[in-house]
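What follows is calculated from the coordinates using simple rules that are stated; it is not laboratory data. What you are looking at is a predicted structure, and each value in this text was computed from that prediction instead of being measured. Every residue, glycine as well, gets a Cβ built from its backbone with ideal geometry; the counts of neighbours run over all protein chains shown.
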Amino acid sequence: MKTDDLIRALAADREPSGPKPGVALTLAGAAGLILSALLFMWLVPLRPHLGEVMRTFPFMLKPIEMGLLVIVSAVAVLRLAQPGAPYARTLSMLAAVPAIMIAAVAVELMQVPRAEWMVRLAGVHWYLCVLNMVLLSLPILGALLIGLRFGAPTQPALAGAGAGLLAGALAASLYIAHCPDDSQLFVAAWFTLAIAISTGIGAMAGPRLLRW
Amino acid sequence: MSDREAQWSLLMRAARKGDGAAYECCLREIAQALRPRVRRGLSRTGVSPDETEDVVQEILIAVHQKRQTWDETRPIGPWIAGIARYKIIDAARRRGGRIELPIEDFAESLAAEAEPETASERDVSRSLDALPEGQRKVVRLIAIDGASIAVTAQTLNMTEGAVRVALHRGLGALAKRHRNNA
């Protein structure tokens, strides 16, 4: 077929071209989040006295950090779904989250006696925390990858990683409602590890699932 | 933004409001601008320039199928360049070429030059033969014979809705076939 002929056929095709990436990703993310919230309720109980704990400073840092991560990574994913949309500056803004964590850890190390550092780092059950957060991220990651297929990610590995990062941050945000550990040492180690794992899964899934 | 990009942007906006002629014009302009870039991109990745027209067609189908991913508040040039670059790398990978492609020269001057389809009558490999019969007839009538949806429906004794669906699916199948082999 000649290119002119192809163009004629393309122009004649007026079937709708699917939802915009922002709409598709929002719906997919919301669906995944609902699934993960159900999984969360089945998996672990809410933290006792959550209402009171919520107003204490060491607790509050967690939703602030995760909320920031959610917002910035969501913007990055949306941009990575659209060819030609700049994303480098958005990615560089992600550095704000580890910066906050490092500062908070430094403050904690200064305030807490050395003997207690390891206790705080290990928390109540760090391995369960990592495992649960990774599990909770999977439905969200799956949904976001489906959402990304409605976009046109020109860097599938990076887009997948972004989806994994967003899924991990959302899963961690859910898990905050259970996690009894408020130490920033704990958060900086295990939240980070769990989110890194979901980011890695996304990066590996991207090139396989996001081709178009 | 260059004049040419501004024009594409206008045409694409009109197309989104349902102006089919503007859309066709937009795709033709984009095809002309793509050709020299695609040829250069392919030769840089070690793929024969004979594949140019084939890859241009792949890019056009992608632009069509992914047209909802252009955000009207952003310049259209980088959007098209992004799709083109992705498809050139994809084509090179499937044809065993190198897969690195510097972005700079590509994104900047996409809009600067133009080249009509070469006079060589070599029919590109994107043939309709692989399509199921119903889709093939519809695509052939509309693409090659230039028939309208209504005329095609009459000729093939189908409803216009069925023609639209067959056309849409046929184009989707053409794109998919190319992703899977080539």
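Shielding by partners for B:65-75, please: the mean number of other protein chain Cβ atoms within 10 Å of each residue's Cβ. Numbers along the way, then the final one.
Details: counts 6, 10, 4, 13, 16, 6, 8, 0, 0, 6, 1.
Mean shielding by partner chains, rounded to a whole number: 6.
Quantify how strongly other chains surround peptide B:137-144 by giving the mean number of their Cβ atoms within 10 Å of each of its Cβ atoms. Walk me through the numbers before you get to the answer.
Details: counts 0, 2, 7, 3, 2, 7, 11, 7.
Shielding by partners across B:137-144 averages 5.
Give me P(r) over chain A, computed from all C-alpha to C-alpha distances, binned every 10 Å, as integer percentages.
All Cα pairs, binned at 10 Å, distribute as 9, 31, 31, 17, 7, 3, 2, 0 percent.
Of the residues A:A194, A:A169, A:A96, which exhibits the maximal mean-square fluctuation in a Gaussian network model of chain A defined by a 10 Å Cα contact cut-off?
Result for chain A, Cα springs under 10 Å: A:A96 fluctuates most.
Mind checking B:41-54 for the average number of partner chain beta-carbons within 10 Å of each residue's beta-carbon?
Across the residues of B:41-54, the mean count of other-chain Cβ atoms within 10 Å is 0.
Could you check the simple spin-label distance between A:M110 and A:F57, using points 7 Å along Cα→Cβ, in nm with one decimal?
Going from the A:M110 label point to the A:F57 one covers 1.2 nm.
Tell me the trypsin sites (Lys or Arg not before Pro) within the stretch B:1-82 that lie in a loop according to DSSP and have at most 15 other beta-carbon atoms within 10 Å. Could you put the intermediate results ahead of the total?
On the way: sites: B:R4, B:R13, B:R16, B:K17, B:R28, B:R37, B:R39, B:R40, B:R44, B:K66, B:R67; in loops: B:K17, B:K66.
Here the trypsin sites (Lys or Arg not before Pro) that fit, given the DSSP loop and packing criteria, are B:K17.
Run the simple label-point estimate for A:L68 and B:T73 please: 7 Å along Cα→C-beta, distance reported in nm.
For A:L68 paired with B:T73, the spin-label model returns 2.4 nm.
For the stretch A:37-98, what class follows from the C-alpha gyration tensor (a ≥ b ≥ c being the square roots of its eigenvalues): rounded when a/c is under 1.5, otherwise prolate if a/b is larger than b/c, else oblate? Write out the running numbers ahead of the final one.
Values: a/c = 4.71, a/b = 1.89, b/c = 2.49.
It comes out oblate by the Cα gyration axes.
Please compute the Kirkwood hydrodynamic radius over the stretch B:133-180, one decimal place, Å, based on all pairs of different Cα atoms.
With all distinct Cα pairs of the stretch B:133-180 included, I get 10.6 Å.
Regarding the protein assembly as shown, what's the average projected area of the Cα-atom convex hull, expressed in nm²? Each step should come with its number before you reach the end.
On the way: hull surface 90.7 nm².
Result: a mean projected hull area of 22.7 nm².
From the P(r) of the stretch B:1-83, could you give the percentage of C-alpha pairs in the tail past 19 Å? Please report the intermediate quantities before stating the final value.
Working: 1231 of 3403 pairs.
Looking at the stretch B:1-83, the distances longer than 19 Å represent 36 percent of pairs.
Roughly how many nanometres apart are two label points built 7 Å out from the Cα toward the Cβ at A:T26 and A:A196?
3.4
Which FRET efficiency, nearest 0.05, do A:E15 and A:M93 yield, Cβ-Cβ r, R0 35 Å?
Details: r = 38 Å, r/R0 = 1.08.
About 0.40, to the nearest 0.05.
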